[in-house]
1. Against the conditions (1) assigned to a loop (DSSP other than H, G, I, E, B); (2) closer than 16 Å to Gly72 by Cβ; (3) free of Cβ contacts under 8 Å to residues at least 24 places away in the same chain, where does Tyr11 fall short? Just the number, please.
2. Pick from the stretch 5-29 the residues that are farther than 14 Å from Phe84 by Cβ and either in contact with a Phe, Trp or Tyr (Cβ under 6 Å, 6 or more places away or on another chain) or hydrophobic (A, V, I, L, M, F, W, C) (or both): which of them is least open to solvent (accessible area, probe 1.4 Å)?
3. Checking Ser34 against (1) within 19 Å of Glu90 (Cβ to Cβ); (2) within 16 Å of the ligand (Cβ to nearest atom); (3) open to solvent by less than 40 Å² (accessible area, probe 1.4 Å), which single condition isn't satisfied?
4. List pairs: first residue in the stretch 79-93 and open to solvent by less than 30 Å² (accessible area, probe 1.4 Å), second residue within 10 Å of the ligand (Cβ to nearest atom) and assigned to a strand (DSSP E or B) anywhere in the structure, Cβ distance under 8 angstrom, at least six positions apart or on different chains.
5. Among the residues of the stretch 55-66, is any within 26 Å of Asp96 (Cβ to Cβ), in contact with a Leu (Cβ under 7 Å, 6 or more places away or on another chain) and open to solvent by less than 80 Å² (accessible area, probe 1.4 Å)?
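The values are calculated or read from the model by the stated rules, or taken from the named source; none is laboratory data. The structure presented is a predicted model; accordingly, all values stated were derived computationally and were not measured. Cβ placement follows ideal geometry from the backbone for every residue including glycine, while neighbour counts extend to all protein chains displayed. To get the accessible areas, we keep the full protein, side chains included, count just its heavy atoms, and leave off ligands, DNA and RNA. Shrake-Rupley method; radii C 1.70, N 1.55, O 1.52, S 1.80 Å.
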Amino acid sequence: MPEADLNVGDYRLLEVDNRATLPYQIETTIIATSADVLHAFAIPRMGVKMDAIPGRLNTIRVFIDKPGVYYGQCSEICGANHSFIPIVVEAINLKDFVKYLETAE
Ligand SMILES: [Cu+2]
């Protein structure tokens, strides 16, 4: 998210324009790939770190135990804009997640 769009309390270089929404208290699979170079998809609080590889789909299974907002970044020096690759996952309960899927475009 550009600095000009940040609100008070937002994290510079960590906020995104589209957060990923996942359910907690249920096992979930994350699939990562890349459109340019190797990236390292990392969300430390969730214990997730996986390579995102051009031309391949890499998967990891996660179990988020608590609701909340989880921040991560690409953790590999992957290129000129490396420091601008944030990841945000919002973990919500399964009932709300199903509603989210029904209304998601
Ligand atoms: Cu990267």
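1. (3) is the only condition that Tyr11 fails.
2. Once the filter is applied, the top-ranked residue is Pro23.
3. Ser34 satisfies every listed condition except (1).
4. Correct list of pairs: Ile87/Phe41; Ile87/Ala42; Ile87/Gln73; Ile87/Cys74.
5. Checked the stretch 55-66: at least one residue is within 26 Å of Asp96 (Cβ to Cβ), in contact with a Leu (Cβ under 7 Å, 6 or more places away or on another chain) and open to solvent by less than 80 Å² (accessible area, probe 1.4 Å).
Yes/no matrix, rows are residues, columns are (1) over 25 Å from Asn58 (Cα atoms); (2) touching a Lys or Arg at 6+ places or on another chain (Cβ under 9 Å):
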{"residue": "Arg12", "(1), (2)": "yes, no"}
{"residue": "Asn18", "(1), (2)": "no, no"}
{"residue": "Thr21", "(1), (2)": "no, no"}
{"residue": "Tyr24", "(1), (2)": "no, yes"}
{"residue": "Glu27", "(1), (2)": "no, yes"}
{"residue": "Ile31", "(1), (2)": "no, no"}
{"residue": "Ala35", "(1), (2)": "no, no"}
{"residue": "Ala42", "(1), (2)": "no, yes"}
